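Each value in this text was obtained by applying a stated rule to the coordinates, not by laboratory testing. Predicted model, so just to flag it, every value in this text is computed and none were measured. For neighbour counting, all protein chains shown are included, and Cβ atoms are generated from backbone atoms with ideal geometry for every residue, glycine included.
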Amino acid sequence: MILILLGPPGSGKGTQAKMLMQKYEIPQISTGDILRAEVKKGSELGMKAKEIMDSGGLVGDEIILGIIDSRIDEEDCKKGFILDGFPRTIAQADGLKELLEKKSLKLDKVINVEVNDEEVVKRISGRWTCKECEEIFNTYTKPEKEKGKCDKCSGELYQRDDQKEEIVRDRLKVYNEQTQPLIKYYKNEDNLVDIDGMLSINEVFEEVLKIL
């Protein structure tokens, strides 16, 4: 089974991907996670990507398609995989189509998780992470008891650059301009289904399972 999860940043598609991964025993491929790992390693790819991601931009198609190409050849992808946060542009969708055809693979479903812009801003710009234990808090939905301190280990809380409100709004602008056309693209391919991302995590998951 090969799936694509679409949706704006903060729509919860990463959470759904992890739940689907456990259910169907297929890996979640998140280009964001792969790029962040490269940033952590300090590789040349990581440094290039960091500069682009910190300013709210999208990493180039060639880099991303290269990552996907080598990743889906790995053993754990034999039964299928879930693409989370990719493709983001029509050019990437065309590149993915060619890549799958070349490997004689077929895309089964594209699930579009819909969440409005203001909810996205609230979900992402409210996120704070503990520097020590990496516990995540949210100003709106899960605030810490003592400002700036982790409830679990008293570590200092910090916010990633790409979670600051002005960057979140830039990311949404980029998403709406470049990624929204994918919805039309996959509707024309007749394999896109819309899901209401404002529902609870479990309700969204139930809807996804019904479709699959």
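Using the alpha-carbon atoms, what tilt in degrees (0 to 90, nearest 10) does helix 61-71 show relative to the longest principal axis of the chain?
That helix lies at roughly 80 degrees to the long axis.
Tell me the label-point distance for the pair residue 71, residue 90, using the 7 Å Cα-to-Cβ offset, in nm and rounded to one decimal.
2.4
Under the Karplus relation 6.51 cos²θ - 1.76 cosθ + 1.60, θ = phi - 60°, what is the ordered set of whole-Hz ³J(HN,Hα) values for the range 123-138, x standing for Gly and Pro?
Taking θ as phi minus 60°, the curve returns 5, 8, 6, x, 7, 9, 10, 6, 5, 8, 9, 6, 5, 9, 10, 9 Hz for the range 123-138.
Take residue 136 and residue 176, extend 7 Å from each Cα along the Cα→Cβ direction, and tell me the distance between the two endpoints in nm.
2.4
Go ahead and collect, in residue order, the members of the range 121-138 whose backbone nitrogen is under 19 Å from a label point 7 Å along the Cα-Cβ direction of residue 201.
Residues 121-130, 133-138 qualify, since their backbone N sits under 19 Å from the label point.
Please identify the GluC sites (Glu not before Pro) of the range 119-212 that satisfy two criteria: DSSP loop assignment and at most 15 other Cβ atoms within 10 Å. Which are they?
When the GluC sites (Glu not before Pro) of the range 119-212 are filtered for loop state and at most 15 Cβ neighbours within 10 Å, 132, 134, 146, 189 remain.
Do any GluC sites (Glu not before Pro) in the range 39-96 lie in a DSSP loop with no more than 12 other beta carbon atoms within 10 Å, and if so, which?
74
Over the chain, with a single point scatterer placed on each C-alpha, what log10 of the ratio I(q)/I(0) does the Debye formula yield at q = 0.08, 0.09 1/Å?
Debye curve over Cα of the chain, log10 I(q)/I(0) at q = 0.08, 0.09 Å⁻¹: -0.29, -0.37.
Based on other C-beta atoms within 10 Å, arrange 175, 140 from fewest to most.
Placing the least packed residue first, the sequence is 140, 175.
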